[in-house]
Amino acid sequence: MTIRAVIFDVGGVISTSPFEAFTRYESANGLPEGLLRGLNATNPDSNAWARMERSEVDLPGFAALYEAEAAAAGHTIDGLAVLALLSGEMRPAMVEAVRRCHERLKTAFLTNNFGPGGGADRGDGPWNGLSEHVDVIVESSRVGLRKPDPAIYRLVCEELGVEPHEAVFLDDLGVNLKPARALGMTTIKVVDPDAALAELEAVVGFPLR
């Protein structure tokens, strides 16, 4: 097996998981633990979150839909306040891994995100200068597709100029890894970042730390 490309999810992989912030929000607002993740997992292809990440609704439209979903479940949330929880902190070891992978292999970010410009750009702002270490950035909000739709995995491979079996993909959600694996990608679930990096080192065959 020859690996020619490494594809990284962003939130929960390159940066800390927003789920930690979701739990804090729920606790601070007297909401059941897991409510926000539960809303996001209900009707996952057509709910407010999915529509936002495909740029089918604007942010105020998302907030209204998301708040209505919470109300239907018997709770009150502030949709825009939840969005503000998504900015995680960069993980230095993962940043270094991206840099080292880019020295030898093709690299990409594959992320579900939202908003004008996807809430990120290729400058040094939201990407924290990392765009120079990747060849391709595929954002759900720009392409109108989102993980786990198999089409978005085929798209990132096409843009990288590789076949799926030549790529390894890192994500923190099993639901996003399953279709990538079905297409032939090597997949790594990021729960413990150090363990994930060790697994990635074994796949690519060179040190990342």
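How much of the accessible area of the stretch 1-108, probe 1.4 Å, is carbon plus sulfur, in whole percent? Reported share for carbon and sulfur atoms: 51 percent.
Against the chain, whose longest principal axis comes from its Cα atoms, helix 174-183 is set at around 40 degrees. Estimated at 0.36 nm per residue, the fully extended path between residue 24 and residue 95 surpasses their Cα-Cα distance by 23.0 nm. The lysines whose alpha-carbon is closer than 18 Å to the alpha-carbon of residue 178, local same-chain residues fewer than 8 away aside, are 147, 189.
Could you state the accessible area per residue of the stretch 6-156 in Å², with a 1.4 Å probe and every protein chain left in place?
Values: 6780 Å² over 151 residues.
Accessible area per residue, the stretch 6-156: 45 Å².
Magnitude of the Cβ-charge dipole of the chain, K/R +1 and D/E -1, about the Cα centre, nearest 20 debye?
Details: 19 positive and 30 negative charges, 79 e Å.
For this selection, approximately 380 debye.
For the chain, find the longest principal axis of its Cα atoms and tell me its angle to the long axis of helix 92-104, 0 to 90°, nearest 10. The angle comes out near 40 degrees. Toward the positive end of the charge dipole of the chain, about the Cα centre and with charges on Cβ (Lys, Arg +1; Asp, Glu -1), which of 167, 113, 35 goes farthest? Positive-most Cα among the choices belongs to 167. Two decimals is fine: what's Rg over Rh for the stretch 36-108, C-alpha atoms, Kirkwood radius as Rh? That ratio equals 1.16.
For the stretch 124-203, what is the convex hull volume of the alpha-carbon atoms per residue, in Å³? Working shown, then result.
Details: hull volume 8.7 nm³, N = 80.
Considering the Cα atoms of the stretch 124-203, their hull volume per residue is 108 Å³.
For the stretch 10-77, the direction-averaged projected area of the alpha-carbon convex hull comes to 4.8 nm². In the chain, the convex hull through the Cα atoms has an average projected area of 10.8 nm², a quarter of its surface area. Of all beta bridges that DSSP places with both ends in the chain, some 5 percent have antiparallel geometry. Just checking the listed ones, 162, 13, 98: in the Gaussian network model of the chain with Cα springs under 10 Å, the one fluctuating most is 162.
Taking 25 Å as R0, compute the FRET efficiency from the Cβ-Cβ separation of residue 45 and residue 181 and round it to 0.05.
Values: r = 19 Å, r/R0 = 0.78.
That gives a FRET efficiency of 0.80.
The values are calculated or read from the model by the stated rules, or taken from the named source; none is laboratory data. Here the structure is a predicted model, which is why all the values come from computation and not from measurement. Here Cβ is always computed from backbone atoms with ideal geometry, including for glycine, and neighbour counts include all displayed protein chains. Heavy atoms of the whole protein, side chains included, go into the accessibility calculation; ligands, DNA and RNA do not. Shrake-Rupley method; radii C 1.70, N 1.55, O 1.52, S 1.80 Å.
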